[in-house]
Amino acid sequence: MASVPFAPGFMTGYEDSLEDARLVGVSCTECGVVLFGKRDFCENCGSYHLAEEEFGESGEVFSYTVQRAPPTPPFRMGTSDRDEWDPRPVGYVDLPSGVRILSILEGPLEAIDIGTPVTLEIAPGWRNDDGDDVLVYRFVAEEADR
Amino acid sequence: MTPTPDPESGIQRDAYVGGVGIHEFGRFEKSFQEIGARAVEEALADAGMSIHDVEHALCSNAYLPVSAGIQVFERLGRTGIPISDVDAASASAVVGVEYGRYLVGAGIADVVLAFGVEKSPSGFLDPTNIYPEWMCELGLSQNPQYWAMNARRHMHEYGTTEEQIARVAEKNHRNSTDNPNAHYTEAFDLEEVLESRLVCDPIRLLELCPPNEGAAAAVIVSEDAIEEYGLADPVRIGSCVHTTSRFPLQQVASYCTTPTDNESVHRQTADLAYERAGIAVDDVDVAEVQDTDAFCEIEAYEELRFCDRGEGGALVESGATERDGDLPVNVSGGLISKGEPIGASHLGQVYELVLQIRGDAGPRQVDGVETGLAHVYGAHGQCGVTVLQEP
């Protein structure tokens, strides 16, 4: 059994220890925008002059919502049954490099607001058909009672 | 910077809407071919034409099988004309009107049929059609979550309230009681809207537009055709502009939205539409805008320059966008009550504006409409604005 990231090009350092796992992306040396996930071309300006960048673990919630109904298939991280679903917060998180990424948030709903400090957590989200643990990212509200 | 080469340079003459038709929006035990054919027949009848008069047709849709347009024409007659399908998500029907205007404007055709037809799946749309697989697997794939986060941030920055957002839904549902072509025609008071269940905080069930089925059509004609067919009440297409969002996408599926200095896609599109129609926002007498959820309408007020940024909540609260207000918005009931047959929704807006400009909108009629604006926005940053005017 191995651990594989949720998709190629978004994660690094997960091979030895999840403690060392980080999110990655690129910064454009022409327009300066920072993007989540490796790319060949800049989504903002079309340049191919991109530098790989590893993102820090600490961020801040830019905005958020609560999924009151479960996502529909092919959702893999829990039930798609409305009656068994616990409302789940998701949000946009600003990281120090300037990148803004979408993420599942973790913590009691009352602990999550715009500006709430959050910390990266990378952990197995589900097991794929090959028996591998699929690693996913989420951001945990620092005040959250874990 | 203009996002596309200026197509106005190739336009030698005006284009008009000579006839409109609609198949009501909702859920039906009918094929898309039947639904589409009804709207086309009605539009042709409205223009006093037959299928043989159409020189070129554009079928807008986003969720139908290949060559849906000719499949609709199978029911009306295979006349051998060029019929192509156009997809630009929620802005699909803008492209039909835009290209119809160009074909007529460039002197290539005198009668072009732009029609939109859709049978969207019910409930949340199939997420794999819009999102990368990993976003679906993580469940970051519910459309309302994007609109909800935008609303939440607007509340934080400008003090917009849940009551103001609910007021949009209350208004549009109330307007729909006079629209027999809407999916839902029931009025709900502010309290009922605010007590409906949360879908993605702060957006509630009665504040959301359901994807559904329906069709609408417009016959786009030249002045020569107006004369030849004796059309009494043509409506001029002042402008019709389709653009796509620069980075980052707002309100729609995106896992990375690092801020940039780029203009919002709504404003980029609307400013071109005002410029090409030679009008200012003050000239707009009535507007139909994309109310995918109630907050989207507030954002549209601001991005289309009906008010300053941050003032949208106050604008709806003031009553200015009511049917008897200074700038009535979504007098048809909007997508919140009509539902959104993705490929047809903009032509549904065009249908409403044409009736408003002709003075044929019955109980929905706004006094003295000379200029109407229609705006749509959807998946992958597809945006469009059409300006229609009394000739």
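The values are calculated or read from the model by the stated rules, or taken from the named source; none is laboratory data. All values derive from a computational prediction rather than experimental measurement. Every residue, glycine among them, receives a Cβ derived from its backbone with ideal geometry; neighbour counts consider all protein chains shown.
Taking only the range A:6-26 into account, find how many residues are within 13 Å of the chain's Cα centre (by Cα) and within 19 Å of A:Thr119 (Cβ to Cβ).
Selection size over the range A:6-26: 9.
(1) within 30 Å of B:Ala47 (Cβ to Cβ); (2) crowded, with 23+ Cβ neighbours inside 10 Å; (3) aliphatic (A, V, I, L, M): which one isn't true of B:Ile226, the others all being true?
(2)
Mind checking which residues of the range B:47-83 are within 20 Å of B:Ser345 (Cβ to Cβ), touching a residue at least 40 places away in the same chain (Cβ under 8 Å) and over 21 Å from the mean Cα position of the chain (by Cα)?
Of everything in the range B:47-83, just one residue is within 20 Å of B:Ser345 (Cβ to Cβ), touching a residue at least 40 places away in the same chain (Cβ under 8 Å) and over 21 Å from the mean Cα position of the chain (by Cα), namely B:Val72.
Say we look at the range A:1-10 and pick out the residues that are within 11 Å of chain B (Cβ to nearest Cβ) and surrounded by 15 or more Cβ atoms within 10 Å (Cβ to Cβ); which of these is nearest to A:Phe55 (Cα to Cα)?
A:Phe10
I'm told A:Gly13 meets every condition in (1) touching a helix residue (DSSP H, G or I) at 6+ places or on another chain (Cβ under 6 Å); (2) more than 8 Å from chain B (Cβ to nearest Cβ); (3) buried (at least 16 other Cβ atoms within 10 Å of the Cβ); (4) not acidic (Asp, Glu) except one. Can you identify the failing condition by its number?
(3)
Quick one: B:Ala277 ticks every box in (1) within 14 Å of chain A (Cβ to nearest Cβ); (2) under 30 Å from B:Gln12 (Cβ atoms); (3) of a type in the set (A, V, I, L, M, F, W, C) except a single one, so which number is it?
(1)
Mind listing just one residue for me: the one in the range A:16-46 that is more than 12 Å from chain B (Cβ to nearest Cβ) and among the small types (Gly, Ala, Ser) and, of those, surrounded by the most Cβ atoms within 10 Å (Cβ to Cβ)?
A:Ala21
Give the residue that is surrounded by the fewest Cβ atoms within 10 Å (Cβ to Cβ), with candidates limited to residues of the range A:107-118 that are touching a residue at least 40 places away in the same chain (Cβ under 8 Å) and more than 9 Å from every other protein chain (Cβ to nearest Cβ). Can you show your working first?
Here is the first cut: in the range A:107-118, the ones touching a residue at least 40 places away in the same chain (Cβ under 8 Å) are A:109, A:112-118.
Now narrow it down to the ones that are more than 9 Å from every other protein chain (Cβ to nearest Cβ): A:112, A:116-118.
Values: A:Ile112: 22, A:Thr116: 21, A:Pro117: 13, A:Val118: 28.
In this case the residue turns out to be A:Pro117.
Can you name the residue in the range B:251-264 that is crowded, with 18+ Cβ neighbours inside 10 Å and within 14 Å of chain A (Cβ to nearest Cβ) and is also nearest to B:Asn150 (Cα to Cα) among such residues?
Per the criteria, the residue is B:Gln251.
Among (1) within 14 Å of another protein chain (Cβ to nearest Cβ); (2) in contact (Cβ under 8 Å) with a residue 60 or more places away in the chain; (3) of a type outside the set (Asp, Glu); (4) within 25 Å of B:Ser120 (Cβ to Cβ), where does B:Pro180 come up short?
Exception for B:Pro180: condition (1).
Would you check which residues across the range A:114-128 are assigned to a loop (DSSP other than H, G, I, E, B) and among the polar types (S, T, N, Q) and list them?
A:Thr116, A:Asn128 - these are the residues of the range A:114-128 that are assigned to a loop (DSSP other than H, G, I, E, B) and among the polar types (S, T, N, Q).
Among residues belonging to the range B:194-205 that are of a type in the set (A, V, I, L, M, F, W, C) and surrounded by fewer than 24 Cβ atoms within 10 Å (Cβ to Cβ), point out the one that is nearest to the other protein chains (Cβ to nearest Cβ).
B:Leu198
Taking the options A:Pro87, A:Pro96, name whichever one is of a type outside the set (A, V, I, L, M, F, W, C), under 20 Å from the mean Cα position of the chain (by Cα) and within 9 Å of chain B (Cβ to nearest Cβ).
Working: A:Pro96 fails: within 9 Å of chain B (Cβ to nearest Cβ).
Of A:Pro87, A:Pro96, the one residue that is of a type outside the set (A, V, I, L, M, F, W, C), under 20 Å from the mean Cα position of the chain (by Cα) and within 9 Å of chain B (Cβ to nearest Cβ) is A:Pro87.
Check the range A:55-74 and report whether any residue there is touching a residue at least 24 places away in the same chain (Cβ under 8 Å), more than 12 Å from chain B (Cβ to nearest Cβ), on the phi < 0 side of the Ramachandran plot and crowded, with 20+ Cβ neighbours inside 10 Å.
Checked the range A:55-74: at least one residue is touching a residue at least 24 places away in the same chain (Cβ under 8 Å), more than 12 Å from chain B (Cβ to nearest Cβ), on the phi < 0 side of the Ramachandran plot and crowded, with 20+ Cβ neighbours inside 10 Å.
Do you know which of the residues in the range B:47-74 that are within 19 Å of B:Thr386 (Cβ to Cβ) and surrounded by 21 or more Cβ atoms within 10 Å (Cβ to Cβ) is modelled with the lowest pLDDT? First the steps, then the outcome.
Let us first name the residues in the range B:47-74 that are within 19 Å of B:Thr386 (Cβ to Cβ), namely B:47, B:56-62.
Cutting the leftovers down to surrounded by 21 or more Cβ atoms within 10 Å (Cβ to Cβ) gives us B:47, B:57-62.
Values: B:Ala47: 98, B:Ala57: 98, B:Leu58: 98, B:Cys59: 98, B:Ser60: 98, B:Asn61: 97, B:Ala62: 94.
Filtering first and then ranking leaves B:Ala62.
How many residues does the range B:100-130 contain that are of a type in the set (Phe, Trp, Tyr) and surrounded by fewer than 22 Cβ atoms within 10 Å (Cβ to Cβ)?
Our first condition is that a residue be of a type in the set (Phe, Trp, Tyr); within the range B:100-130, this holds for B:102, B:115, B:124.
From the residues that got through so far, the ones that are surrounded by fewer than 22 Cβ atoms within 10 Å (Cβ to Cβ) too are B:102, B:124.
Residues meeting the conditions: 2.
Residue pairs, Cβ under 8 Å, 6 or more apart or interchain, first in the range B:363-391 and on the phi > 0 side of the Ramachandran plot, second part of a strand (DSSP E or B) and at pLDDT 95 or above. List them.
Close Cβ pairs (under 8 Å, with a partner that is part of a strand (DSSP E or B) and at pLDDT 95 or above) amount to B:His380/B:Thr244; B:Gly381/B:Thr244.
Regarding B:Glu263, is this residue without any contact (Cβ under 8 Å) to a residue 24 or more places away in the chain, among the charged types (D, E, K, R) and within 20 Å of B:Ser90 (Cβ to Cβ)?
On the way: without any contact (Cβ under 8 Å) to a residue 24 or more places away in the chain: yes; among the charged types (D, E, K, R): yes; within 20 Å of B:Ser90 (Cβ to Cβ): yes.
In short, yes.
Among (1) more than 23 Å from A:Ile104 (Cβ to Cβ); (2) in contact with a Leu (Cβ under 7 Å, 6 or more places away or on another chain), which single condition is A:Gly59 missing?
(1)
Scan the range B:115-153 residue by residue and report those that are touching a Lys or Arg at 6+ places or on another chain (Cβ under 9 Å) and at pLDDT 95 or above.
B:Cys136, B:Glu137, B:Leu138, B:Gly139, listed by residue number.
Can you tell me which residue within the range B:136-162, out of those that are aliphatic (A, V, I, L, M) and more than 8 Å from chain A (Cβ to nearest Cβ), is surrounded by the fewest Cβ atoms within 10 Å (Cβ to Cβ)? Working first, answer last.
If we filter the range B:136-162 for residues that are aliphatic (A, V, I, L, M), which is where we start, we get B:138, B:140, B:148-149, B:151, B:155.
With the extra rule that they be more than 8 Å from chain A (Cβ to nearest Cβ), the set shrinks to B:151, B:155.
Details: B:Ala151: 28, B:Met155: 19.
Per the criteria, the residue is B:Met155.
Is there any pair linking a residue in the range A:132-146 that is in a loop (DSSP other than H, G, I, E, B) to one that is at pLDDT below 95 and among the polar types (S, T, N, Q), with Cβ under 9 Å and at least six apart or on different chains, and which?
These pairs meet every condition: A:Asp132/A:Ser3.
Condition first: in contact (Cβ under 8 Å) with a residue 24 or more places away in the chain and over 25 Å from B:Glu186 (Cβ atoms). Now tell me which residues in the range B:150-173 satisfy that.
Correct list: B:Asn150, B:Arg152, B:His154, B:Met155, B:Glu157, B:Tyr158, B:Gly159, B:Thr160.
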